[in-house]
Amino acid sequence: MRAETPMAFIRMMVRAYEDRGMRATTALAKAQITPADLAKPQGRVTALQMEWFSEAAMRELDDEALGWFSRRLPWGSYGLLVRACLTSPNLGLALARWCRHHGLLTQDVSLSVTQDGSVAWLGLQEHPERHDLGVYREFCTVSLLRNALGVACWLTDSRIPLKAVELAYAAPAHHDSYAILFEGPVQFEAAHSRMGFDAGYLQLPIRRDEQALQRMLKRALVLTVRPYRRDRLLVDRVREALREQPELMRRADGLAAQLNVSERTLHRQLREEGETLQALKDRVRRDKALALLRTTSWPIARIAAEVGMRHEKSFSRAFKHWTGQTPDEARRHASP
């Protein structure tokens, strides 16, 4: 595992210990971080070291906010936020609940979810008149945004790629690590801190329950320190690609290349999502064929070619398997 997380974040947690008159010696030892490592200006730690140290610090300080806010957030605070989201019908409502309930934990910052056209934004507004985040500003912002993203991915069992990340502070010395922290284009010195993603994800159903929550809470910090890998929207991407480019029906390797995944990954991920490539092809062909039969007087051979099938007889057999009718029967039934 590569060391890619800035040591600066570890130093911020050590600072939280010092602000409480405590020492981080035990937590540093658990995370296998030496004093020499800690002193390196551009040092890095692995995701696992970050997870180990963060958990130890949160428990020892009894503060899941790690010193950011004017009052502690006792161990288990963010678990309560996740539980409040479980009964939401979709991600949009879950994130709205997350933001609203976060305001019950602290009023030092506020979170919001908004939609601007096809982009959903999860934003963080600071309230320095109530509490100045000070030296914790960067670590707090990164942690809160990554935590919300990780929870959103977990709730929907989907990897949610970011379209943009805007941060209301200057680029730090370790700014190169942000490409790994957010896996999306990052802009510093923005008006407000927020991250944007495809608004279509807001409609995804919540796929977790209390039992899954109990399992997740045993290693909840993984959601913050590591990117979520599942992308349940691959089915939609495949369907869209097949609709727009029927020639992709013929070769799985060409479709995979179009979607920037390997052919093996394409089949595996579709299988994990409860689909197969052949079933998706059949449904796209069926829907397009039905539309053409209803709206045109084209010969069956031409419709077969339009849906990516070379032979009329093969198409007619497949169409009857899909619909229980021959193409001619479907056309007659569609006529007024």
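The values are calculated or read from the model by the stated rules, or taken from the named source; none is laboratory data. In this text the structure is predicted, and so the values were computed from the model without any measurement. Every residue, glycine among them, receives a Cβ derived from its backbone with ideal geometry; neighbour counts consider all protein chains shown.
Might you check whether a residue that is under 39 Å from the mean Cα position of the chain (by Cα), in the same structural domain as A252 (by TED's automatic domain parsing) and among the hydroxyl-bearing types (S, T, Y) occurs anywhere in region 268-278? Step through it out loud before you land on a result.
At the first step, the residues of region 268-278 found to be under 39 Å from the mean Cα position of the chain (by Cα) are 268-278.
After this cut, where a residue has to be in the same structural domain as A252 (by TED's automatic domain parsing) as well, the list is 268-278.
Next, only the ones that are among the hydroxyl-bearing types (S, T, Y) stay: 276.
Yes, region 268-278 contains a residue that is under 39 Å from the mean Cα position of the chain (by Cα), in the same structural domain as A252 (by TED's automatic domain parsing) and among the hydroxyl-bearing types (S, T, Y).
Exactly one residue out of A47, A94 is in the same structural domain as H175 (by TED's automatic domain parsing), surrounded by 13 or more Cβ atoms within 10 Å (Cβ to Cβ) and touching a helix residue (DSSP H, G or I) at 6+ places or on another chain (Cβ under 9 Å): that is A94.
Yes/no per residue for (1) aromatic (F, W, Y); (2) assigned to a loop (DSSP other than H, G, I, E, B):
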| position | (1), (2) |
| --- | --- |
| A8 | no, no |
| V14 | no, no |
| Y17 | yes, no |
| A27 | no, no |
| I33 | no, yes |
| P41 | no, yes |
| A56 | no, no |
| L66 | no, yes |
| R71 | no, yes |
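Taking residues in region 106-121 that are assigned by TED's automatic domain parsing to the domain that holds A148 and farther than 22 Å from W68 by Cβ, and partners anywhere that are in a strand (DSSP E or B) and of a type in the set (A, V, I, L, M), the pairs with Cβ atoms closer than 8 Å and at least 6 places apart or on different chains are T114/A120; V119/A164; A120/V113.
Residues in region 186-205 that are touching a strand residue (DSSP E or B) at 6+ places or on another chain (Cβ under 8 Å) and of a type in the set (A, V, I, L, M, F, W, C) were compared, and the one that is farthest from D176 (Cα to Cα) is L204. Is one or more of the residues making up region 133-151 under 29 Å from M216 (Cα atoms), touching a strand residue (DSSP E or B) at 6+ places or on another chain (Cβ under 8 Å), free of Cβ contacts under 8 Å to residues at least 24 places away in the same chain and among the hydrophobic types (A, V, I, L, M, F, W, C)? The answer is no, given that none of the residues of region 133-151 is under 29 Å from M216 (Cα atoms), touching a strand residue (DSSP E or B) at 6+ places or on another chain (Cβ under 8 Å), free of Cβ contacts under 8 Å to residues at least 24 places away in the same chain and among the hydrophobic types (A, V, I, L, M, F, W, C).
Candidates in region 64-91 are the residues that are farther than 21 Å from C153 by Cα and in contact with a helix residue (DSSP H, G or I) (Cβ under 7 Å, 6 or more places away or on another chain); of these, the one that is surrounded by the most Cβ atoms within 10 Å (Cβ to Cβ) is W68.
Let's see how each residue does on (1) in contact with a strand residue (DSSP E or B) (Cβ under 6 Å, 6 or more places away or on another chain); (2) among the basic types (K, R); (3) at pLDDT below 95:
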site: T5; (1), (2), (3): yes, no, yes
site: A16; (1), (2), (3): no, no, no
site: A31; (1), (2), (3): no, no, yes
site: D37; (1), (2), (3): no, no, yes
site: K40; (1), (2), (3): no, yes, yes
site: L48; (1), (2), (3): no, no, yes
site: E60; (1), (2), (3): no, no, no
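Could you tell me whether any residue of region 277-296 is outside any helix (DSSP H, G or I) and more than 16 Å from R237 (Cα to Cα)? Checked region 277-296: at least one residue is outside any helix (DSSP H, G or I) and more than 16 Å from R237 (Cα to Cα). Of everything listed in (1) under 17 Å from M12 (Cα atoms); (2) touching a Phe, Trp or Tyr at 6+ places or on another chain (Cβ under 7 Å), the single unmet condition for C153 is (1).
Scanning region 115-134 for residues being part of a strand (DSSP E or B), at pLDDT 95 or above and not aliphatic (A, V, I, L, M) gives a total of 4. Given the conditions (1) in contact (Cβ under 8 Å) with a residue 40 or more places away in the chain; (2) assigned by TED's automatic domain parsing to the domain that holds L221; (3) loosely packed, with under 15 Cβ neighbours inside 10 Å, report the number of the one that Q42 does not fulfil. Q42 satisfies every listed condition except (2).
Here are some residues: E306, E275. Which one is among the charged types (D, E, K, R), surrounded by 14 or more Cβ atoms within 10 Å (Cβ to Cβ) and within 30 Å of S158 (Cα to Cα)?
Numbers: E306 fails: within 30 Å of S158 (Cα to Cα).
E275 is the lone residue from the list that is among the charged types (D, E, K, R), surrounded by 14 or more Cβ atoms within 10 Å (Cβ to Cβ) and within 30 Å of S158 (Cα to Cα).
The residue that is nearest to S193 (Cα to Cα), counting only those in region 88-139 that are under 16 Å from the mean Cα position of the chain (by Cα) and of a type in the set (F, W, Y), is W121.
Among the residues making up region 151-180, those that are surrounded by 15 or more Cβ atoms within 10 Å (Cβ to Cβ) and in a helix (DSSP H, G or I) are V151, A152, C153, W154, L155, T156, S177, Y178. Only residues that are surrounded by 17 or more Cβ atoms within 10 Å (Cβ to Cβ), in a helix (DSSP H, G or I) and out of contact with any helix residue (DSSP H, G or I) (no Cβ under 6 Å at 6 or more places or on another chain) were counted in region 97-114, giving 2.
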